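**Student:** Below: one structure in structure tokens.
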């Protein structure tokens with residue numbers, strides 16, 4: 001009888017140990033799967049962070065270029081204003097120069113307004129990029145496609161603004177040479 005009880009206890013103990021071992025193996029496999037999934041997610045987030053960081057750097061570069069262009073255009077406006085004052089002293093060319101300066105002023109005003117809008121859009125894009133970067137670092141989803149589309153729109157707009165500034169500068173150069 002004691003032998004049967006011992007045999008029964010040994011069998012129950014062996015079954016329990018087997019169940020625990022199988023359960024522990026399953027738990028270990030689940031943890032390993034989770035670790036692999038988290039590593040893949042971390043790698044994807046790091047890749048997104050690098051993309052956002054690159055876009056942020058490109059945005060900063062574009063902002064610096066735009067600010068420099070605005071400064072040069074403002075310097076040019078001051079220079080043209082001085083030229084206009086001298087031209088008005090010449091009675092025979094006052095009306096012609098006045099018309100030219102009005103046209104040029106409109107070009108410069110349009111270009112300055114466009115460059116100012118460009119800077120504002122670049123600052124907004126920079127803020128959105130920083131927010132996306134922070135969200136990505138916080139483990140939140142980031143819509144890179146929308147950010148890329150917005151960056152493309154801002155780039156196109158800023159290129160148009162720079163073209164307007166170049167047109168105004170070329171008109172100013174023609175005026176100064178004549």
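We did not get these values from a lab; they are worked out from the coordinates using the rules stated. Keep in mind that this is a model prediction, so the values were computed, not measured. With ideal geometry, Cβ positions are generated from the backbone for all residues, glycine too; neighbour counts draw on all protein chains shown.
**Student:** Under a GNM of the chain (C-alpha, springs under 10 Å), which listed residue has the highest mean-square fluctuation: 26, 116, 145?
**Tutor:** Its mean-square fluctuation being the largest, the pick is 26.
**Student:** If R₀ is 25 angstrom, what is the calculated FRET efficiency for the pair residue 138 and residue 53, using the beta carbon separation as r and rounding to 0.05?
**Tutor:** The computed FRET efficiency comes out at 0.95.
**Student:** Turning to a different aspect of this structure: Tell me, what is the FRET efficiency for residue 68 and residue 149 to the nearest 0.05, using R0 = 22 angstrom and their Cβ-Cβ distance as r?
**Tutor:** Approximately 0.25, to the nearest 0.05.
**Student:** If we sort 63-72, 40-49 on the protection proxy, mean other Cβ atoms within 10 Å, highest first, what's the order?
**Tutor:** Going by the mean number of other Cβ atoms within 10 Å, highest first, we get 63-72, 40-49.
**Student:** In degrees, nearest 10, range 0 to 90: what is the angle between the Cα axis of helix 144-177 and the longest Cα principal axis of the chain?
**Tutor:** Around 20 degrees separate the two axes.
**Student:** Give the relative contact order (percent, whole number) for the range 32-132; include only Cα pairs under 8 Å separated by 6+ residues.
**Tutor:** Across the range 32-132, relative contact order equals 46 percent.
**Student:** Still on this structure: With a cut-off of 8 Å between alpha carbons and a minimum separation of six or more residues, what is the relative contact order of the chain in percent?
**Tutor:** 30 percent
**Student:** Which of 164, 37, 128 moves the most in a Gaussian network model of the chain with Cα springs under 10 Å?
**Tutor:** 37
**Student:** Now, a different point. I'd like the orientation of helix 2-88 relative to the chain: the angle between its Cα long axis and the longest Cα principal axis, in ° from 0 to 90, rounded to 10.
**Tutor:** That helix lies at roughly 0 degrees to the long axis.
**Student:** Once you have the Cα-Cα distance between residue 83 and residue 38, take 0.36 nm times their residue separation minus that, and quote the gain in nm to one decimal.
**Tutor:** 9.6 nm
**Student:** Taking Cα atoms of the range 13-171, Rg/Rh with Kirkwood Rh, to two decimals?
**Tutor:** Rounded to two decimals, Rg/Rh equals 1.45.
**Student:** Mind telling me which of 15, 108, 144 comes out most flexible in a GNM of the chain, alpha-carbon contacts under 10 Å?
**Tutor:** 15
**Student:** Any chance you could give the angle, 0 to 90 degrees and rounded to 10, that helix 94-137 forms with the longest Cα principal axis of the chain?
**Tutor:** Helix 94-137 and the main axis of the chain meet at about 10 degrees.
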